[in-house]
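Enquirer: Sharing a structure here in structure tokens format.
Laboratory data are not the source of any read-out in this text; all were calculated from the coordinates shown. Model, not experiment: these values are computed from the prediction. Glycine gets a Cβ as well: all are built from the backbone with ideal geometry, and neighbour counts include every protein chain shown.
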Amino acid sequence: MQDNKASQEAEHGEDGGKQRHVPVLLEEAIHFLNVRRGGIYIDATLGLGGHSLEIAKRLGPQGRLIGFDKDPAALELARKRLDMLAAELGDGMPKIDLIHASYAEVGSQTAPVGVDGLLADLGISSLQLADSARGFSFQAEGPLDMRMDTRSERTADQVVNHLDERSLGDVIYEFGEERRSRRIARAIVRARPIRSTAHLAEVVAAALPAMKHWRIHPATTTFQAIRIFVNRELEDLRALLEAAPRVLLPSIGRLVVISFHSLEDRIVKDATREGARQGVYRLLTKKPVIAGAEELNRNPRARSAKLRAAERIS
């Protein structure tokens, strides 16, 4: 079932991609992290720094915040926002370390530091969607790129224009949970070369039967699948969850993950439940926490967000 991160795009696109960045489930994330003054916390998906700003305000000068992001543009904007907070807090600002890397590298980049909390907000940022040159959006003409880290070799163009039909269908089915994946892959291969994101969206929409009321754009799941595959998002998530018990301090370390589609949520749920079964974690959320009516009114992007949290106990 697709509950999906890419559906944020339709909501984001209603105002032309200019809405301000609003961190999802912010109060809930801070609550479950149980931010302690003087502690060490990792924001594994820094984005525009919305969650990190709130963490930093609570740490004090003895605290430390480590932020990861593989998108250099997001990293730079977050750095500027944190610099502004430093000017405001003065001597009360914690130490900040920002690292240009995937959250898959949290274990290797932070060892042997033990941390009090680890946060990962897996949603694609409004910054990435709004910039048509990045190729994430089907709402605007853009290149077939979709790389979060512009240093990466794999692009959406390589997937769309060079994968064989069977492999392309497998990607769309596995990462988009799209039951019409074979039909879509066949249409894409026949329409090659696909020139842009808008062209890809047209081809996908034309391949599917017309419906009066689409809940989401017909290309949503295909774009999601290609983006996840290009950025190895699920592989990186598994690496992060594998590293988390080694990184978190025993007895107090908290893991908080916000996901936006069922593939991610399933991975997080399975990893934390298995950790609880082995006596590594105490589950803090038996069911995922979702946004309340007030937040949904302020920020429709929160509609598909699910937060899960666990505490390391051994």
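Enquirer: With a length cut of 30 Å (Cα positions projected on each helix's long axis) and a Kyte-Doolittle mean of at least 1.0, go through the chain and give me the DSSP H helices that pass.
Expert: none
Enquirer: Using the beta-carbon distance between residue 165 and residue 266 and R0 = 22 Å, what value does 1/(1 + (r/R0)^6) give for FRET efficiency, to the nearest 0.05?
Expert: In this case the efficiency is close to 0.20.
Enquirer: Oh, and also: Expressed in nm to one decimal, what extension gain is obtained for the pair residue 208 and residue 303 from 0.36 nm per residue of sequence separation less their Cα-Cα distance?
Expert: 31.6 nm
Enquirer: Work through the residues other than residue 108 whose Cβ is under 13 Å from its Cβ and net out their charges, Lys, Arg +1 and Asp, Glu -1.
Expert: Value of the local net charge: -2.
Enquirer: Can you give the FRET efficiency to the nearest 0.05 for residue 186 and residue 100, using r as the Cβ-Cβ distance and R₀ = 41 Å?
Expert: Approximately 0.60, to the nearest 0.05.
Enquirer: Shifting gears a bit: Go through 217, 146, 158 and say which Cα lies farthest out towards the positive end of the charge dipole of segment 132-231; charges sit on Cβ, +1 for Lys and Arg, -1 for Asp and Glu.
Expert: 217
Enquirer: Under a plain spin-label model, where a point goes 7 Å from the Cα along Cα-to-Cβ, how far apart in nm are residue 242 and residue 62?
Expert: Placing both labels 7 Å along Cα→Cβ, they lie 3.6 nm apart.
Enquirer: While we're on this one: List, in the order given, every pair from 70/269; 57/80; 80/306 whose Cα-Cα distance in the structure shown is over 18 Å. Numbers along the way, then the final one.
Expert: Values: 70/269 24 Å; 57/80 15 Å; 80/306 28 Å.
Flagged as over cut-off: 70/269; 80/306.
Enquirer: Using only alpha carbon pairs under 8 Å that are at least six residues apart, calculate the relative contact order of the chain and give it in whole percent.
Expert: Relative contact order for the chain comes out at 22 percent.
Enquirer: Per the Kirkwood definition applied to all pairs of different Cα atoms, how many angstroms is the hydrodynamic radius of segment 132-231? Before the final figure, lay out the partial values.
Expert: Numbers: mean 1/r = 0.0758 Å⁻¹.
Over segment 132-231, the inverse of the mean reciprocal pair distance is 13.2 Å.
Enquirer: Karplus couplings for segment 152-157 from phi (6.51 cos²θ - 1.76 cosθ + 1.60, θ = phi - 60°), rounded to Hz, Gly and Pro as x?
Expert: Computed from phi, the couplings for segment 152-157 are 5, 7, 6, 10, 5, 4 Hz.
Enquirer: Calculate, for residue 154 and residue 314, the FRET efficiency according to 1/(1 + (r/R0)^6) with r their C-beta to C-beta distance and R0 51 Å; round to the nearest 0.05.
Expert: The formula returns an efficiency of 0.85 here.
Enquirer: Ok, one more. Just to be sure I understand: if I project the alpha-carbon convex hull of the chain onto a plane and average over all orientations, what area do I get in nm²? Please list the in-between numbers first.
Expert: Details: hull surface 63.4 nm².
Reported value for the Cα convex hull: 15.8 nm².
Enquirer: Amide H neighbours of residue 99 under 5 Å, at least 5 residues apart or on other chains, H built in the peptide plane: list them.
Expert: Excluding prolines and chain starts, which carry no amide H, the hits are 67, 68, 69.
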